[in-house]
Amino acid sequence: MQTITTPGELLERAIAGGRISLEEGIHLYQTATTKELKQAADAIRQKRHPEGVVTYLVDRNINYSNVCIVDCGFCAFYRKPASSEAYLLTNEQIGEKMAELRAWGGSRVLLQGGVNPYLKIDYYEGLLRYLKEHFPEIEIDSFSPVEVWNIARIMKMPLDQVLHRLHEAGMDGLPGGGAEILDNRTRNRIAPHKGTWESWIEAERLAQREGMTTSATMVFGFDEDLEERVLHLTRLRDLQDESLAYNGNGFTSFIVWSYQPENTAMGGSRASGAEYLRMVSFARIMLDNVENISASWPSQGADLAREALHCGANDFGSTMMEENVVSAAGADVGTCMTVEQIQAEIREAGFRPAERNSRYKILKQLD
Ligand code: SF4
């Protein structure tokens, strides 16, 4: 075990590019003031992104289905297969939404659903091929670890083969949704059927080896303990080290938001804005091998998202156009922002906006 030093020494080390261990991270979160964490995170962001630019993505969310059998206690989005409110969009209905995205100049679609016990891999391959044929210029980031594990289970096929087939059919990236807290103590309590933290990491590892775009997420505020929060970050960091060494294809970014309790079976309360900003800052300090940290306006609102840009975040997220998961759980901050609104928010925070694609390549730099 490394010697615990003072918060000031740990933050100095982090700003210099050094690594903070699990034990040191716990100690740091317990002892550093929010102001100290924010200043250090901002200094790290300035070193990594000195040009004063904040990026954003023009995309849309499409929830192709709300059918799910996993019953996560914190989810207000899903419906059981027999529910009268259950739906599965046709390829043509999804195509109509894609046409709107194209008209808007979007470069990425985020396709998300639930754990459907009836769909085999040919359904997903068919959808991906249809979208690639009609919208070849739009990157497809689709599904999540629990969804692809479900396909592997239904098909009795190894997960790397599932990902390879989906990749071949047109899937460009596996988003990191469903990470919640990457520790089984909290997962067993809030979503016992959703899979272990190891299964989430394994899906992302295999997607990275397959060459797909991946991003990391975290949802906090489930009454998890501090060690679990820090473990979440160190487990992401460990995979990032491994994947960067393996083929250079790690997580493009990290985003954190707080649990939204409204309309969920689990209920409870929402973490404060101050705690959200503390978590953003802390993540920037701990994730020394992740280039980009995103602010989350759909869950936290524009004011906090702007503030997050001074707590280590260098990305304002995406336009989304349509969001049904966080909004179902009561995030009443609006589920769509126009490109102009996002640009205005970034400027108001004191940065120059730049449009990026899913892989964080800059597409358009604005003044
Ligand atoms: S969070 Fe995902 S896996 Fe859990 S119930 Fe909702 S849709 Fe299903």
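The values are calculated or read from the model by the stated rules, or taken from the named source; none is laboratory data. Remember, predicted model here, so these are calculated numbers, not experimental data. Ideal geometry is used to build each Cβ from the backbone, glycine not excepted, and the neighbour counts take in all protein chains shown.
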Considering only the range 279-333, state which residues are at negative phi, of a type in the set (A, V, I, L, M, F, W, C) and at pLDDT below 90. 325, 326, 328, 329, 331, 333
Residues that are away from the ligand (no atom under 14 Å from the Cβ), crowded, with 20+ Cβ neighbours inside 10 Å and assigned to a loop (DSSP other than H, G, I, E, B): does the range 149-168 have at least one? no
Mind listing whichever residues of the range 234-274 are surrounded by fewer than 14 Cβ atoms within 10 Å (Cβ to Cβ) and under 19 Å from residue 304 (Cα atoms)? 269, 272, 274
For residue 81, the lone unmet condition from (1) touching a strand residue (DSSP E or B) at 6+ places or on another chain (Cβ under 6 Å); (2) away from the ligand (no atom under 16 Å from the Cβ); (3) over 27 Å from residue 336 (Cα atoms) is (2)
Picking from 239, 233, 182, 159, the residue that is farther than 29 Å from residue 22 by Cα and modelled with pLDDT of 95 or more would be 159
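Given 55, 33, 5, which one is modelled with pLDDT of 95 or more and farther than 26 Å from residue 367 by Cβ?
33
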In the range 123-144, which residue that is away from the ligand (no atom under 16 Å from the Cβ) and part of a loop (DSSP other than H, G, I, E, B) is nearest to residue 193 (Cα to Cα)? 138
Pull up the range 334-352, narrow it to residues that are out of contact with any Phe, Trp or Tyr (no Cβ under 7 Å at 6 or more places or on another chain) and assigned to a loop (DSSP other than H, G, I, E, B), then point me to the one that is modelled with the lowest pLDDT. 334
